[in-house]
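First the structure, in the form of structure tokens, and then the observations on it.
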Amino acid sequence: MGSGRRANHQHHQVNPGPPPAHPVPPAGAVVGAAAQDAPEPVPDGIEHLAPHRQRLVRHLAYQPATDNTGGTLEVTFRTGGTYRVSGIPTQTWNELQDAAERNRSVHYLWSTGVLAQPAAEIEAGTSWYAELLRDGRPRTRCSRCGQFTGLAAHRCPVATMPERRHYFEHGMLYAPLLSLVREAVVLSDEPVLVDVHGQYHDPATGVAGDITGAVAVYAPASPDAGEHAADGLNCTCGQPHCAHRQLAAADVTGSISSPTRLATARRASTTVLSELGAEHAAAQAAQQRAQQTWPAPEVSYLDDFDAFQAAYQDTLRRIERGEDTVPLLYEDATGGLGARGHGRGFGVEIEFELGEEASYGARRNIAHDLADAGLAEDSTIWGYHEPRIGGYTDARDGWRLEEDSTVDGEIVSPILFDTPETWQDIEAVCAIVRAHGGIATVSTGGHVHVATGNFDHLAANHARLLRLVAAYQDTLFRLATNPDRRTHRGTAWCTPNPTASAGFESVTQVRQRNSSHGVALNLSAVHGHPNDHAEFRMWDGSLDAAVIQTQVKLSLGLTEAALRTAGHAGDLQVDPLGGHHHAFGDRGGRLRGEDWRAATRSFRALVDTVFHRAVDKAQATSLFAITRWAQPATRSAR
């Protein structure tokens, strides 16, 4: 889930069919390419592939190797830039081509491992998949310094900038592009060393000298500006009082640090810093608002055990009467946590498999019904997390069915907010999937994305969220269990996050240590930006809208509680996965007295932390009543 404005975009229909009769084309042949996507001519012996539905890649080419080391794969992006990846076996190329003939997305193939193993290395020596794609988009090399630029603003390190020839009144120097060096000087508190070499003439003596070394460029306000600029330069003139070094240093520093040029650069940098300051101020205001406006609880399950017990018994009576066990709320379902304007946006991913009674075209029929219900723009079946032109949308018809190699399908929501229409749409999506034989199994997961834009660049906010999840880990995995199954699906795709005893120094460090589709709380989309979000991956798949709603509310509540209590320290202990099962076994509601109080204390503390309304705590209690404690971490299915 992310944020972005809606854009008009064209969809291509999936046309599944039999595999091609000739998986390897003759050299130079173009396979499966739309006419407008035909690649440019390339050397003989390189085989080409331009799948009809790929959106990131213009074409691929493959040069077979003459030995057993694997051939070379050439990837050319639509946005420009070509990458050559060595060590790709012929079998991998055949699999890629075979899949592309069936109109499968290249991005889908990468994400599911067809091209991720063996881990070929790109020029920079890093994982080629991680380097070519970042946040679902292609990366390119900087034309100036040769580094990968990523998607953020890029500033070339001075040492990597290519040389240019610069002519001055008394000489010529080879040096980096000085306008780029100026950007580095503006943002640096230390002198910037600019490597130069060239030749200068002393206007007084007419003697020439070869200049080598580095000019130290200081900010104009520095007391050392100009005084030590030439200290790192050498000259071959041999004169006792060499003027060449001072002339060269004066020309370089004058070109970089002229007041007019630096004033323009400083205005640009000040604008960026002002924007960051405004974001930080907004995040602080959001935290203060969360602390000041959090209402007093209508009921506390920790203080009033009888209130919890009454809600638990109400659930058992609904089961006896054959009513819906977990109630589905429509109006103000989250108590403001997910409200548009002052709450958090969220999104869901609903995985499903097709039961034995499902028809051959069940997945296609699901896609058509989503479109007919006004939940999707059309009946396209998208590649796995295929990037959306224009970014994510909050339009009601922004749902889409995606391919997923681990299950039969995954339905991804648009950005959602707490409205009656949102819960009606989730209910409709689940009903459509069930109507065509879709089921939630031990292999299916349910992922909830929650906006964290007001966490800003503060590592403490993100660390608090991680600590809260760890403190209620065992309880969350119980509530994450599909009520139709006896046990949680396992931790292969949602293992508990590693704990950081020393804390985190930055948001970057938080992201790097918790960025994976294999952890319970995935923070790969955390950068300190307004459109950041966290992904809660511990939830089992479910096609019950009320269960999904409860899990969304728990995710929202944990995120808001992290912001509200980020200043607290040392008050949370890790609740290890499987701890309650080890202590109390599988007896559940058969526990009595103090054992029952002890077994439910973590749950009661969790709902007191994330909810203040009685109705929300009662709904979560209904889910607690029909689930079981998870066993210690097992790397089972998805």
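No value in this document is a laboratory result; all are computed from the given coordinates. Keep in mind that what you see is a predicted model, and the values were worked out from it rather than measured. When we count neighbours, we look across all protein chains shown, and the Cβ atoms used for this are built from the backbone with ideal geometry, even at glycine.
Computed quantities for the displayed model
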item: Assigned charges on the beta-carbon of Lys, Arg, Asp, Glu; segment 327-573 dipole about Cα centre (debye); result: 960
item: Additional length obtainable on full extension of the chain from Arg601 to Ala435, 0.36 nm per residue less Cα span; result: 55.8 nm
item: Label point distance in nm, Gln309-Gln573, each placed 7 Å from Cα along Cα→Cβ; result: 2.6
item: Contour minus Cα-Cα distance for Ala204 and Arg613 (0.36 nm per residue); result: 138.6 nm
item: Rel. contact order, % - alpha carbon contacts under 8 angstrom, at least six apart, segment 327-573; result: 24
item: Relative packing of 531-539, 231-239, which averages over residues the other C-beta atoms within 10 Å, highest first; result: 531-539, 231-239
item: Residues Thr90 and Glu323, FRET efficiency given R0 of 56 Å [Cβ-Cβ distance, rounded to 0.05]; result: 0.40
item: Nitroxide proxy distance, nm - points 7 Å out along Cα→Cβ at Thr212 and Arg592; result: 9.1
item: Alpha-carbon centroids, segment 414-441 and segment 281-360: separation in whole Å; result: 16
item: Potential lengthening between Ile626 and Asp484 on full extension [0.36 nm per residue; Cα-Cα distance subtracted]; result: 50.3 nm
item: Distance between modelled label sites at Val442 and Ala395, nm, 7 Å Cα→Cβ extension; result: 4.1
item: Amide proton proximity set for Asn482, modelled H, under 5 Å, gap of 5+; result: Arg489, Asp540
item: Protection proxy ranking, peptides 417-429, 324-336, 455-467, 241-253, average beta carbon neighbours within 10 Å, highest first; result: 455-467, 241-253, 417-429, 324-336
item: For Asp575, distant residues with modelled amide H under 5 Å away; result: Ala471, Tyr472, Gln473, Asp474
